[in-house]
Amino acid sequence: MRWIISFLFLIGGHVAFAALPYDIVAELNEKIDERQYEFDQKDSLADGRITISYNLAAGERATRLYITEINKLQKEINDKDAHWMVLRDELKVLKNWLYDTSDEDFAKEYWLDRFELLMNIHYDQNEAWTRKKLTSNQILARNYFKLYKDKPYAYDALKFMMDNNPYEFIAEIHKYQSSPYLVQVVDDLVYEDPIKMKRWVNTYTPINDLLYKSTNPTTQTFLALFNNYGRASKSFYMLEDILNHGMTAAEAHTIGEDERKFRQQLIDLSLREDIVGQSGIEYKIKNEALEVVRAVNDLHETKDPAVRFKSVKDLSPAEFYTYMVYTPEEIFTSTFNGFYERLISGLDEKDAYTFLQDMKMGKYRTFIKMCAGYNKLDDFLSKMSEEHQKVLLTQFVSNLEEGKLENSLTAAVDVADTFGSLTNDELKAFFVEKMSSELARVNYETNTHGIRVYSLLSAILNQSNAYSDEWVTDLVAQYDIPKINQLSHQSLKNQDGVIIQQVFFFDDDDGKASYASFMPSFRNGNWKIEDKKTYVKMSSVGKQKVEVYANKPQYEFRGKDDLRAYFRSTGKQPSVVIHRGHSFYVDTTIQSLTQNAKLVFLGSCGGYHNLTKVLDRSPDVHIISSKQIGAMAINDPLIRLLNKNMLAETDIEWQGFWDTLGGQLKGNTKTYKRFQDYVPPHKNLGAIFIMAYNRMKEKDGAVS
């Protein structure tokens, strides 16, 4: 219906004519068409098709969203037999979507995702895509929460934001109070980590109000513990046993006051899966394990074992096992060997497989991987019957497709890493045979995830020429992964031809020592050093421009913030990122990564979870890692050799690079021995597996 009535208004004694309703609608249509034209002619051709030469898929998607879909919606609105104000309001929505989209970056993924998300939410369409996007992009989930707060996927989005960054989510929880799903998310927080949630009880905060609104039994028991025994009680760790295994609150509180009993209870809880408070339990026991292991690590120069291992002389085999599997990235080789010997000694004549069963097979794949890495697997297997050896190894490589995706891939990476450490040809043959039979099984069952896992493992591990150029070429061709045996010099340069590096240091004794050892490498004629107070910048003076940025350890946080602001303002992004710190600092380094990163040195932080995070942010990256904490005596020469290659503008061929570095370190037996625990990119089987798995998943069009 077209409206042709005009309205008269008296304004300051004058008669004014308001715009005709028809004109208002027409003007909105014109504005929409103008914005579409602006996007359409960005490729210098206004033909109803947006072409992005460097990304054809993005151009096609931009055409569909900004041209085809908007035209369709515009026509549907204009054809409606509705009041002109209805038409006006609906057209305003389309206009605002278009004009709120970036002029320059409209075809980039974020803006395309944003546009499609707004469209889907507004018209209640494509729920599966919308749910997936809101549970994978925290910025979109947070920025547009008000638009979908009552939608069925609001809970999933809230849960994602909480899981992805719990501290930020809790700090901003007031922004989400209008959602009916928020109490349920707070219940999940209590279930996952009641220890962290204690801090909010009986405070003047929205979280406290939500806790007391809950009718969930776990949350109500949690509040009862707090009000009866106080914030300091350790009974919160035992919520699982109180709720599901008949333990009384009083018994839990009493156990918490006995250090030895509490430790044993923690170990027992840590061996179970999907229990109340698992996150808090894992955090507590990992921290305790780190304290125990570091105390022994720190005495690595002590020659008398009785002195070095005095602090752990009364530990049980279960405690040794737990502390080992919770510190795979921190434990020194000599510490592992000492713990292992004491664990085995404590078993007396007990079958080692029976011991693992007593431990409920908790983290047994991690333990097997560590034994293989430290050349103890043959010895450990010898402590059990031949029948149990076959059962254990069969278990180790079987049913890797089962359980949650994350747990499944963790197990597969453990298998890949273990195989990479094996020196026993019989064990290798056994692994290959079992993986072949498992691949046949999942093929028969048509289990897509299982087929991916076992076909990849077979391709990566079942090769007599592993790590050779031919082996890499086959993997590159089959799975479209980067050429991980060689790092192209050109790939490290930005658009200005400069190689940007960022080195992360941390404010502890090791960080300060590492920084002091690192800086002299740049005090020569090849580099110019600029002190920026919170960080330093080293610039090469030769033909190839390399810029190295490193925060000062005493400015751990401010230095990183200043560098982040500098990179944002200049548009520079590091292609080389080096982590010089313990594993518990690594999240800070990983969060800084972008798709521009082509080489990352992770140190001892190369477990599945960290590899996955790195490859999610930087899909084509080469990763150097270590099986244990790195050493300055290795890290500094490694970085110097990397820089030498970059200044010489040569590609890095990893096997040759590794041979050269090994030759430099051979003069010191102790250092060279530790160098054997470093893993170059082309031998990082876990990283290769995840990289290839991700490519397979993309090729299959999988949603998971």
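Applying the criteria of a DSSP loop state and at most 14 other Cβ atoms within 10 Å to the trypsin sites (Lys or Arg not before Pro) of the stretch 159-244 yields R231.
Quick one: angle between helix 654-665 and the longest Cα principal axis of the chain, in degrees between 0 and 90, rounded to 10, please. Tilt relative to the chain: about 50 degrees. For the stretch 459-593, the share of DSSP beta bridges that are antiparallel, to the nearest 5, is 55%. Near T671: Cβ cut-off under 12 Å, other residues only, Lys/Arg at +1 and Asp/Glu at -1. The net charge is +2.
Remark on Y678: its backbone amide H falls under 5 Å from those of K627, a criterion applied only to residues 5 or more positions apart or on other chains, H modelled at 1.01 Å from N.
Each of S311, F160, A692 was placed along the dipole of the chain (beta-carbon charges, centred on the mean Cα), and the one lying farthest toward the positive end is S311.
Volume per residue for the stretch 467-594 equals 149 cubic angstrom (convex hull of Cα atoms). Here is the list for the stretch 443-528: trypsin sites (Lys or Arg not before Pro) lying in DSSP coil, each with at most 12 other C-beta atoms within 10 angstrom of its C-beta, are R523. For H245, what charge total do you get from the other residues with a beta carbon under 12 Å from its beta carbon, if Lys and Arg give +1 and Asp and Glu give -1? Value of the local net charge: -3. Please say if the stretch 328-367 is rounded, prolate or oblate, where rounded means a/c under 1.5 for a ≥ b ≥ c the square roots of the C-alpha gyration tensor eigenvalues, and otherwise the choice is prolate for a/b larger than b/c and oblate otherwise? Oblate, since a/c reaches 1.5 and b/c is not below a/b. Distance between the pseudo-spin-label points of A232 and K92 (7 Å out from Cα toward the beta carbon): 5.9 nm. Here the Karplus curve 6.51 cos²θ - 1.76 cosθ + 1.60, taken at θ = phi - 60°, turns the phi angles of the stretch 237-247 into couplings of 5, 9, 4, 4, 6, 5, 6, 10, 9, x, 6 Hz, with x standing for Gly and Pro.
Residue-wise HN-Hα couplings along the stretch 610-627, as the Karplus relation 6.51 cos²θ - 1.76 cosθ + 1.60 with θ = phi - 60° gives them from phi, are 6, 4, 4, 4, 4, 6, 5, 8, 9, x, 10, 7, 9, 10, 9, 9, 9, 6 Hz; Gly and Pro carry x.
Averaging over all projection directions, the Cα-based convex hull of the stretch 178-311 occupies 10.1 nm² in the image plane.
For the chain, the antiparallel share of DSSP beta bridges with both residues in that region comes to about 55%. Using the rule -39500 (n - 2.57) for each DSSP H run of four or more residues, divided by the residues of the chain, the 222 nm mean residue ellipticity is -17000 deg cm²/dmol.
Per-residue Karplus couplings for the stretch 435-440, computed as 6.51 cos²θ - 1.76 cosθ + 1.60 with θ equal to phi - 60°, are listed in order as 5, 5, 5, 5, 5, 4 Hz, Gly and Pro entered as x.
The angle separating the long axis of helix 109-123 from the principal Cα axis of greatest extent in the chain is about 60 degrees. Checking every one of the trypsin sites (Lys or Arg not before Pro) in the stretch 43-144 against DSSP loop status and a limit of 13 other Cβ atoms within 10 Å picks out K80. Considering only G662, A429, L112, the residue lying farthest towards the positive end of the dipole of the chain is G662, judged by Cα position with unit charges set on Cβ. Computed about the Cα centre, the dipole magnitude for the chain is approximately 1640 debye when only Lys and Arg (+1) and Asp and Glu (-1) carry charge, each at its Cβ.
Computed from the Kirkwood radius of its Cα pairs, the Stokes-Einstein diffusion coefficient for the stretch 44-134 at 10 °C and 1.306 mPa s stands at 112 µm²/s. Over the stretch 630-699, the reciprocal of the mean inverse Cα-Cα separation, the Kirkwood hydrodynamic radius, stands at 13.7 Å. Applying 0.36 nm per residue to the separation of D480 and K31 and subtracting their alpha-carbon distance, the gain on full extension is 157.2 nm.
Residue-normalised convex hull volume from the C-alpha trace of the chain: 230 Å³ per residue.
Taken per residue, the accessible surface of the stretch 464-580 reaches 47 Å², heavy atoms only and a 1.4 Å probe.
The stretch 199-257 and the stretch 630-651 have Cα centres separated by 52 Å. Between rounded, prolate and oblate, where does the stretch 280-369 land on the alpha carbon gyration tensor, with a ≥ b ≥ c its root eigenvalues, rounded for a/c under 1.5, else prolate if a/b exceeds b/c? Taking the square roots of the gyration eigenvalues as a ≥ b ≥ c, the stretch 280-369 is oblate. Which of the pairs K95/K146; K95/K213; K159/K434; K543/K697; K132/K537 have their Cα atoms more than 31 Å apart in this structure? Correct reply: K95/K213; K159/K434; K543/K697; K132/K537. For the chain, the share of accessible area belonging to carbon and sulfur comes to 49 percent (1.4 Å probe, ligands and nucleic acids excluded).
The spacing between the stretch 39-75 and the stretch 527-563, judged by their C-alpha centroids, is 42 Å.
Against the chain, whose longest principal axis is taken from its Cα atoms, helix 84-99 shows a tilt of about 40°.
Measuring nothing but alpha carbons in the stretch 503-570 and taking Rh as the Kirkwood radius, the Rg to Rh ratio lands at 0.98. The alpha carbon gyration tensor of the stretch 354-411 gives principal lengths a ≥ b ≥ c with a/c of 1.5 or higher and a/b greater than b/c, which makes the shape prolate.
The values are calculated or read from the model by the stated rules, or taken from the named source; none is laboratory data. These numbers were taken from a predicted model, which means no experiment stands behind them. When we count neighbours, we look across all protein chains shown, and the Cβ atoms used for this are built from the backbone with ideal geometry, even at glycine. Only protein heavy atoms, including side chains, enter the accessible area calculation; ligands, DNA and RNA are left aside. Shrake-Rupley method; radii C 1.70, N 1.55, O 1.52, S 1.80 Å.
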